[in-house]
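A short write-up of the structure that comes next.
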Amino acid sequence: MDIDTLKYHINHIFLPLKLPQSDDQDIDKDLAICDRVIACGRDFQQLLPACRTNTWDLILMMMERLRDVLSTKTLNENKLLGWMKDLKPGGMHRL
């Protein structure tokens with residue numbers, strides 16, 4: 001990972017929100033953050049007892065879908081309808 005990408009990750013994950021001096025939006029770096037969060041989530045899931053892995057399956061699926069939307073830059077109506085049809089009982093949690 002190059003230094004600019006590392007700084008971007010630190011600014012967008014660990015530091016408190018602040019108004020940027022300029023637009024630093026970078027889709028490739030946002031996708032890299034998603035990939036990292038998904039990979040860390042999978043690693044974390046391996047440490048959990050079996051009774052907790054279902055919740056993490058849902059969290060990881062949500063992150064993978066977010067990554068998919070970011071990578072195409074649009075929300076595809078057919079894909080969204082497909083995701084909704086794929087919902088099963090217990091397939092979502094209220095916050």
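Throughout, read-outs are computed from the coordinates displayed, never taken from laboratory work. Values in this document were obtained by computation on a predicted structure and should not be read as measured data. Cβ atoms come from the backbone with ideal geometry, glycine included; neighbour counts cover every protein chain shown.
Only Lys, Arg, Asp and Glu carry charge here, each on its Cβ (+1 for the first two, -1 for the last two); on that basis region 26-86 has a dipole of about 120 debye about its Cα centre. Only one of the listed values, (i) -0.62, -1.12, -1.18; (ii) -0.48, -1.18, -1.25; (iii) -0.69, -1.26, -1.29, was derived from the coordinates as log10 I(q)/I(0) by the Debye sum over Cα atoms at q = 0.14, 0.24, 0.25 Å⁻¹; which label is it? Computed from the coordinates, log10 I(q)/I(0) by the Debye sum over Cα atoms at q = 0.14, 0.24, 0.25 Å⁻¹ corresponds to (iii). Can you tally the net charge around H9? Count Lys and Arg as +1, Asp and Glu as -1, for every other residue whose Cβ sits under 14 Å from the Cβ of H9. Combined, the nearby Lys, Arg, Asp and Glu give -4. Taking other Cβ atoms within 10 Å as a rough exposure proxy, D57, D30 sort from fewest to most as D57, D30. Ordering L80, T53, S22 by Cα displacement along the dipole of the chain toward the positive end leaves T53 in first place; charges were set at the Cβ atoms of Lys, Arg (+1) and Asp, Glu (-1). Residues F14, F44, arranged from fewest to most other Cβ atoms within 10 angstrom of their Cβ, appear as F14, F44.
Mean separation of Cα pairs under 8 Å and 6 or more residues apart, divided by the residue count, gives the chain a relative contact order of 27 percent. A full extension of the chain between K7 and L66 corresponds to an added length of 19.0 nm, given 0.36 nm per residue minus the alpha carbon distance.
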